[in-house]
Amino acid sequence: AERLNEQEKFRISVASLLPEDRVLRRMLQSFNNSLADRENLLIHLHEIREALVTEFSNEKSAREAVGVSDAQWRAFGRVANDEPLLEGRHRGKHNELRNATSDEIDQALKFSQTLIEGYVGYQTSKLS
């Protein structure tokens, strides 16, 4: 019941922010694109991180605003940017590519959800 209550609070927060918040709209669109376009999943998910960096002017401020650690930030960057993945951002840098594992995909999706939830929490706290 508590988890459902938290989910409902989150939905209400998103609904109240969405009409005016271009960053949230962009992040949600990128997340939806990642689910619809799995071949470019990590490219779309990375757009969420980029939107936060743009909004907060730098990575450190973005991490602090949404409450993620440097280690979490770097781990996602490693998967999205550095691993030789068919779904990754820098496919042209590698001679041989592999599919992302289900664990890599799950971690990337969870991290992206954490970014969005952290941003909603940050924006909501400013309204309080």
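The values are calculated or read from the model by the stated rules, or taken from the named source; none is laboratory data. What you are looking at is a predicted structure, and each value in this text was computed from that prediction instead of being measured. Quick reminder, even Gly has a Cβ in these numbers, built from the backbone with ideal geometry, and neighbours come from all protein chains shown. Surface areas here come from the heavy atoms of the whole protein model, side chains and all, with no ligands, DNA or RNA. Shrake-Rupley method; radii C 1.70, N 1.55, O 1.52, S 1.80 Å.
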Ordering of 97-103, 27-33 by burial proxy (mean other Cβ atoms within 10 Å per residue, highest first): 27-33, 97-103
Net lengthening on full extension, ASP82/ARG22 (0.36 nm per residue, minus Cα-Cα): 18.7 nm
Identified option (computed semi-axes √(5λ) of the Cα gyration tensor in Å; candidates (1) 27, 25, 18; (2) 36, 20, 11; (3) 27, 16, 13): (3)
Accessible-area order (highest first, 1.4 angstrom probe) of the listed residues ASP21, ASP82: ASP82, ASP21
Contact order normalised by residue count of segment 1-108, Cα under 8 Å, 6+ apart, percent: 19 percent
Accessible area (Å², 1.4 Å probe, nearest 10) - ILE12: 100 Å²
Loop-located GluC sites (Glu not before Pro) in segment 61-128 whose Cβ has at most 12 other Cβ within 10 Å (DSSP): GLU96
Radius of gyration and maximum dimension Dmax of segment 71-114, Cα, Å: 10.3, 32
Å² of accessible area per residue within the chain, as computed with a 1.4 Å probe and no ligands counted: 60 Å²
Portion, in percent, of the accessible area of the chain that falls on carbon or sulfur, probe 1.4 Å: 48 percent
Residue-averaged [θ]222 nm for the chain, counting only DSSP H segments that reach four residues, each worth -39500 (n - 2.57): -22500 deg cm²/dmol
For ARG98, residues with placed amide H under 5 Å, excluding near neighbours: LEU85, LEU86
